[in-house]
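Structure, as structure tokens:
None of the figures in this text is laboratory data; all of them are computed from the coordinates on show. These numbers come from a predicted model, not from an experiment. Heads up, the Cβs are rebuilt from the backbone with ideal geometry, glycines too, and the neighbour counts pull from every protein chain shown.
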Amino acid sequence: MKTGRVVHGGAIHRCTPAGADRIRLADGRLLAEAEVQWLAPFEPRTIFALALNYAQHASELAAKSSSDQAGFLQAQMHQPIVFLKGANSVVGHRSFTRRPAEAEFMHYECELAVVIGHEGRRIRRANALAHVAGYTVANDYAIRNFLEPYFRPNLRVKSRDGGTVLGPWLVPAAELPDPMALQLTTHLDGALVQQGCSADMIHDVPSLIEYLSGLMTLSPGDVILTGTPAGSVDVTAGSEVVCTVQGVGSLLNTLVSDWRA
Amino acid sequence: MKMVIGVLLNFPDAWAAAEPQMHHAPHFQPPRHPVLYFKPANTWCGDGDDIAVPAGVSEVELGATLGVVIGEPACAVRESEAMRHVAGYRVVNDIGLPETGLLRPPLAQKCRDRFCPMGPVVPADRVADPGKLRIRIAVNGRPQASHATVGLLRSVPQLLSAISEFATLDTGDMVLIGVPANPPRAHSGDKVVVEIDGVGRLENLFCAEGAT
């Protein structure tokens, strides 16, 4: 059963879906999904994220010439580019994210997020999915003009408060036997702006689990944001961004203008 | 504690060593903001814990440093107010594999299991000035390196201000002030002690992977 975490009446509750736009709290109360505050559906431990894990998105952002592109993609095939995101950055469904005044190009990234359920080190590909607790949707915001080529993507781009949207639901692995055949879409103010399929990942979910657990121990609550397909469009204050992963959920976030003087 | 953040190139000699490559591809210009990285939860361990040198690696770099522990959460704090958010300090060994590149986040180099041993927290009021501490490191009882926390490119309050501008630091989170150039190295079998006057002592034994 899909589960979420919400705040209602001054307390944190577990909840489950209860038909269109409605949720059921653990105590049985039925509520509209818009009348609660959504938290991330679990408390993340280490947040891993993939840069450029879809070939088309990599081409979109990377090199100008086709030979550069070929070389770049070859390097990318060899080893995934993984970065970490801070716990400070996490917000839930129906949250708000600040677009800083200095941002020139800020974009969403719709991603399939894989939540680890069982600790493991040196996990083999063939057994990797047995370590997965479930899946959720991630929107991994980036501000391109804040990028610096030092430990890129740098924390100022990827670990901003409000920059990692997770939710609404944690979908148990048993309900999603094949994570590698899911449609990913993003709608910006209702218009389709990003579309892809998890089948097109350069490094698929079992490979990522094998790679990361080859470096370090993976533990329950660790989450891997598996990268985003092509289709990056600048968002502005007031933009409503809905990231959808087929069978996992639709995650709403709204951009707000900079409230800092 | 949910976040431990390290900072690269914060000692003048470390910056100077990297400076020549900052003007060429893929960097083109020096970094304008602090170069930061995470030490994730799998790296955290304590005094007395054994640390594995990963299989296939002959030696590790020892990053003897000061950990600045956050008390009151810090969000967009000014430099002049930043020290009010410091609860204390701890001795940290920020371990890494040699030859960390500058371009990509150093997951494989700095995020191995137990690569961030840390001593107990000493309350902030017991440390008069975090910018005037002497850090010593010894391998198998032989002094290896000693440096002072003076002359940082970004002081503790400057670091806390720069980070909290975009990332709220929560109670217990920790910022590491950095490491000078040419850090000493350790091999499996080595006993490493890091000491900071007035803060404490941290001892760990390195062993071959599989032996912990």
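Nearest 500 deg cm²/dmol is fine: what mean residue ellipticity at 222 nm does chain B get from its DSSP H runs of n ≥ 4 alone, each adding -39,500 (n - 2.57), divided by its residue count?
After summing the helix terms and dividing by residue count, I get -3000 deg cm²/dmol.
Relative contact order of the range A:40-256: what whole-number percent is it, with Cα pairs under 8 angstrom and at least 6 residues apart?
That works out to 34 percent.
Give, in nm to one decimal, the length gained when the segment between B:A55 and B:T171 is fully stretched (0.36 nm per residue of separation minus the Cα-Cα distance).
Here the segment from B:A55 to B:T171 would lengthen by 38.2 nm.
By counting other Cβ atoms within 10 Å of each Cβ, how are B:M22, A:M77 ranked from fewest to most?
A:M77, B:M22
Assuming R0 = 51 Å, can you tell me the calculated FRET efficiency for the pair B:N140 and B:S80, based on Cβ-Cβ distance, to the nearest 0.05?
0.70
State to the nearest 20 debye the size of the charge dipole of the range B:60-113 about its Cα centre, where the only charges are +1 on K and R beta carbons and -1 on D and E beta carbons.
Using Cβ point charges on Lys, Arg, Asp and Glu, the range B:60-113 gives about 60 debye.
Please give the calculated 222 nm ellipticity per residue for chain A, where each DSSP H segment of at least 4 residues contributes -39500 (n - 2.57) and the sum is spread over every residue; nearest 500 deg cm²/dmol?
Helix contribution divided over all residues of chain A: -3500 deg cm²/dmol.
Just counting partner chain Cβ atoms within 10 Å, what average do the residues of peptide A:159-166 show around their Cβ?
For peptide A:159-166, the averaged partner shielding equals 3.
Alpha carbon centre of the range B:1-75 versus the range A:133-148: separation in Å?
22 Å
Label B:H23 and A:S257 with points 7 Å out from Cα along Cα→Cβ: what is the distance between them in nm?
4.3 nm
I'd like the projected area of the protein assembly as shown, averaged over all directions, using the convex hull of its alpha carbons. Report it in nm² with one decimal.
So the mean shadow area of the Cα hull is 22.5 nm².
Within chain A, which is the longest segment containing none of the chymotrypsin sites (Phe, Trp or Tyr not before Pro) that sit in a DSSP loop and have at most 15 other Cβ atoms within 10 Å?
A:106-258
What Cys residues in chain A have no fellow cysteine's beta-carbon under 4.7 angstrom?
Cysteines of chain A left without a disulfide-compatible partner: A:C15, A:C197.
Take A:D21, project a point 7 Å from its Cα along the Cβ direction, then tell me which residues of the range A:80-94 have their backbone nitrogen under 18 Å from it.
Only A:93-94 fall inside the zone, counting backbone N under 18 Å.
What lysines could a cross-link reach from A:K85, if we take a straight Cα to Cα line under 17 Å and drop same-chain neighbours fewer than 8 places away?
A:K158, B:K2, B:K39, B:K110
Using a 10 Å cut-off around each Cβ, can you sort B:S58, B:S161 from fewest to most neighbouring Cβ atoms?
Ascending number of Cβ neighbours within 10 Å: B:S58, B:S161.
Scan around B:G63 for amide H atoms under 5 Å from its own, H built in the peptide plane at 1.01 Å from N, and keep only partners 5 or more places away or cross-chain.
Those lying under 5 Å, H to H, from B:G63 are B:D94, B:I95, B:G96.
For the range B:160-167, take each phi angle, set θ = phi - 60°, evaluate the Karplus expression 6.51 cos²θ - 1.76 cosθ + 1.60, and give the result in whole Hz per residue in order, putting x for glycine and proline.
Whole-Hz 3J(HN,Hα) from phi for the range B:160-167: 4, 5, 5, 6, 6, 4, 10, 10.
Exposed loop sites here are GluC sites (Glu not before Pro) in DSSP loop states with at most 15 other C-beta atoms within 10 Å. What is the longest stretch of chain A lacking them?
Between exposed loop sites, the widest span is A:120-261.
With 10 angstrom as the radius, rank A:S213, A:S257 by how many other C-beta atoms surround their C-beta, starting from the fewest.
Arranged by neighbour count, lowest to highest, A:S213, A:S257 become A:S257, A:S213.
Relative to the present Cα-Cα distance, how much length would full extension add between A:C197 and A:Q246 at 0.36 nm per residue of separation?
This chain segment gains 16.7 nm when fully extended.
Rounded to the nearest 0.05, what FRET efficiency is calculated for A:S207 and B:E72 with R0 set to 41 Å and r the Cβ-Cβ distance?
The value I calculate is 0.45.
Put +1 on the Cβ of each Lys and Arg and -1 on the Cβ of each Asp and Glu in chain A; which of A:Q194, A:I81, A:V7 then has its Cα farthest toward the positive end of the dipole?
A:V7
Share of antiparallel DSSP beta bridges in the range A:40-256, in percent to the nearest 5?
Around 80 percent antiparallel, to the nearest 5.
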